[in-house]
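Structure first, then comments.
Throughout, read-outs are computed from the coordinates displayed, never taken from laboratory work. Note that this is a predicted model, so its numbers are computed, not measured. Note that we place each Cβ from the backbone using ideal geometry, even for glycine, and neighbour counts take in every protein chain shown.
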C-alpha cells in the first residue's frame with residue numbers, strides 16, 4: 001500500500017519537546033516515533049509548580065506527543081458548565097482505591113526482540129519503560145515457563161516426557177537464562193523497586209489429562225492428590241530458581257486464563273480449572289506449600305482468576321467466601337479480552353463484596369481479535385485511545401493498576417509459536433536497527449508517569465457532557481492529577497474546579513488525551 005520511498009519521505013519532526021519525536025507515517029491514522037542508535041525523543045520533565053499553576057500534557061491524533069503547556073487557576077470558582085462542555089470539581093478529601101502500579105510483561109518474545117538490537121538500544125527500550133525519564137513503570141509480569149509468545153512449547157520438566165513427581169529433572173531453560181532473566185535484571189538496574197509477579201501457562205504434559213502443554217486439559221486427579229502437590233512444588237522451585245539468580249517476586253497468579261484450558265481445540269499453552277478446582281488447589285496444595293516455603297501472604301501476593309472480567313465476580317465468590325482458600329489470597333487479577341461481554345460494574349460488585357482484596361488488570365493488547373487482519377498497526381491512534389479508555393474505565397471501577405502484555409514485538413507481532421500475533425507499544429525492526437514507539441506508548445505515559453504507587457483515586461463531581469472520559473487522583477506528594485480522553489471529532493470545552501484554588505476553563509481537542517497536574 002505504501003512504498004518504502006513514500007514512508008521515508010513522510011518522516012518529519014514536530015518541535016515541541018526537548019528531543020522531539022521523529023514521526024513516521026505508515027498510513028494507519030497516526031504516526032510512530034522512530035528511535036535508532038543516534039536519536040530518540042524524550043519526555044519533558046514533570047516539575048512541581050507553584051500554587052495555582054497547572055501543567056498540562058497532551059498527545060493527539062494530529063501528532064502531539066506529551067506536549068507540555070501551563071495554565072493558571074482563576075480565584076473565582078466557576079462551577080457553570082460551558083456549552084457542550086464538561087465541568088470537573090475535585091474533592092481531595094474523598095479518597096478511593098490505592099494505586100499499586102503499572103507495567104508490562106517480560107515474555108520470551110519481548111526479550112528476543114529487545115536483545116536483537118545493539119546493546120545501547122536494548123538498554124534504551126528498558127529505560128523507556130522503567131526509568132523516571134521513560135514511563136516510570138513499577139511492575140512486571142513474568143510467564144512461568146513458556147507461553148504462546150515463545151518460539152516453541154516448553155515447561156521446566158518435560159524434556160523426556162516421563163513422569164517426575166519429585167521434580168528431579170526440573171531446570172530453568174535457555175529462554176530464562178539467556179533472555180528473561182537478563183532482561184529483568186536490566187530493568188532492576190534501572191529501578192530496584194519493581195513489583196514482579198509470575199503467571200503459569202501450563203504444567204508439564206505428563207501432569208495433565210490431555211498429555212499436552214497446549215489445548216484443553218487440566219491437572220490429573222484432584223486437589224490434594226500427587227499431581228496437584230507436585231505442581232505446587234514446581235511453582236516453588238520456579239520462585240527459588242529465580243531467587244538464586246537474584247530475582248525475587250512480589251506476587252503470583254494461580255493460573256493464566258484458566259478458562260482457556262476448558263475450551264475444546266484451544267490452540268496454545270493452557271491449563272484448565274473451574275473456580276471450584278482453583279479454590280481447592282489453593283486451599284489444599286498451593287497455599288500451604290507457598291507458606292511452608294516462606295512465600296506466605298506477607299511476602300508473596302497470591303492473585304486469583306487472571307482471566308476475563310466476566311469471570312471476576314463468580315470466581316471471587318467461590319474462592320473468597322471459603323476461608324480455607326481465602327486465607328492465602330491477596331488480590332484478584334483480570335484481563336481485558338471480551339470486555340464487551342461484561343460491564344465494568346462487575347468490578348464494583350466484587351470490590352463491594354471483598355474490599356480487603358485488591359483488583360489488578362494483568363493483561364491487555366491490541367490486535368488480539370481473530371477478526372482483526374492487521375495485527376501490528378504502525379501509528380494507529382485509535383489503539384492509543386482504546387488503551388486510555390480501558391485504563392480509565394478500570395480505574396473508575398476500583399482497579400489498582402494496569403499491566404500491559406509484551407514489552408516489545410517485531411513488525412509481524414511475534415515471535416509466537418502459535419501464530420497468535422498481536423500489537424505492542426514498542427515495535428522492534430532489528431533489520432534497520434531501530435524501534436518504533438507506537439501511539440499506545442504515549443497513551444500509557446499519561447497514566448504511568450503521574451500515578452506512582454500509593455496514589456489514590458479521588459471523588460469528583462462532574463456535570464455536562466458524558467462524551468469525555470475523565471478520572472482524578474491525589475499522589476503521595478499531594479499533587480492532583482486529572483486525566484481526560486476525547487474520542488470524538490469535536491473540541492469539547494472543559495472546566496476544572498479545585499475548591500481550594502479556583503477554576504480554569506480550557507478545551508480538549510478532537511482525538512486527544514490530556515493529563516493535568518497541579519499542587520496546592
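Hey, what angle do you get for helix 119-130 against the long axis of the chain, alpha-carbon based, 0 to 90 degrees rounded to 10? Approximately 80 degrees, to the nearest ten. Counting only DSSP beta bridges with both residues in the chain, the antiparallel share comes to about 65 percent.
Each 20 Å bin from zero up to the one holding the largest Cα-Cα distance in the chain carries the following percent of pairs: 23, 55, 21, 1. In segment 133-192, the inverse of the mean reciprocal separation of distinct Cα atoms equals 13.6 Å; this is its Kirkwood hydrodynamic radius. State the Cα centre-to-centre distance between segment 353-419 and segment 307-343 in whole Å. Result: 18 Å between the Cα centres.
With a ≥ b ≥ c the root eigenvalues of the C-alpha gyration tensor of segment 73-144, is it rounded (a/c under 1.5), prolate (a/b larger than b/c) or oblate? Prolate.
With the cut-off at 1.5 for a/c, could you classify segment 339-409 from its C-alpha gyration tensor as rounded, prolate or oblate?
Details: a/c = 2.51, a/b = 2.11, b/c = 1.19.
Note, shape of segment 339-409 comes out prolate.
Over segment 349-489, calculate the relative contact order: mean separation of alpha carbon pairs under 8 Å at least 6 apart, over the residue count, as a percent.
22
Which angle between 0 and 90 degrees, to the nearest 10, do you get for helix 439-448 versus the longest principal axis of the chain when only C-alpha atoms count? In the chain, helix 439-448 runs at an angle near 90 degrees to the longest axis. Over segment 326-365, Cα pairs under 8 Å with separation of 6+ residues give a relative contact order of 63 percent. Ordered by the count of other Cβ atoms within 10 Å of each Cβ, fewest first, 320, 494, 407, 96 give 96, 320, 494, 407. Over 19 Å, how big is the tail of the calculated P(r) for segment 66-225, in percent of all Cα pairs? More than 19 Å apart: 68 percent of the Cα pairs in segment 66-225. Where a ≥ b ≥ c are the square roots of the eigenvalues of the C-alpha gyration tensor, would you call segment 135-244 rounded, which needs a/c under 1.5, or, failing that, prolate if a/b is larger than b/c, or oblate? Verdict is prolate for segment 135-244. Restricting the calculation to alpha carbons of segment 293-401 gives Rg and Dmax of 15.7, 49 angstrom.
Using per-residue counts of other Cβ atoms within 10 Å, averaged over each peptide, order 414-421, 362-369, 263-270 from highest down.
Order by mean packing, descending: 362-369, 414-421, 263-270.
In degrees, nearest 10, range 0 to 90: what is the angle between the Cα axis of helix 226-244 and the longest Cα principal axis of the chain? Approximately 50 degrees, to the nearest ten. Restricting the calculation to Cα atoms, segment 207-277 shows an Rg/Rh of 1.01 when the hydrodynamic-style radius is the Kirkwood one.
If contacts are Cα pairs under 8 angstrom and at least 6 residues apart, what is the relative contact order of the chain in percent?
Here the relative contact order equals 23 percent.
Gap in Å between the Cα centre of segment 64-132 and the Cα centre of segment 216-287? Cα centroid of segment 216-287 versus Cα centroid of segment 64-132: 33 Å apart.
Report note on the peptides 347-358, 392-403: ranked by the mean count of other C-beta atoms within 10 Å, highest first, their order is 392-403, 347-358.
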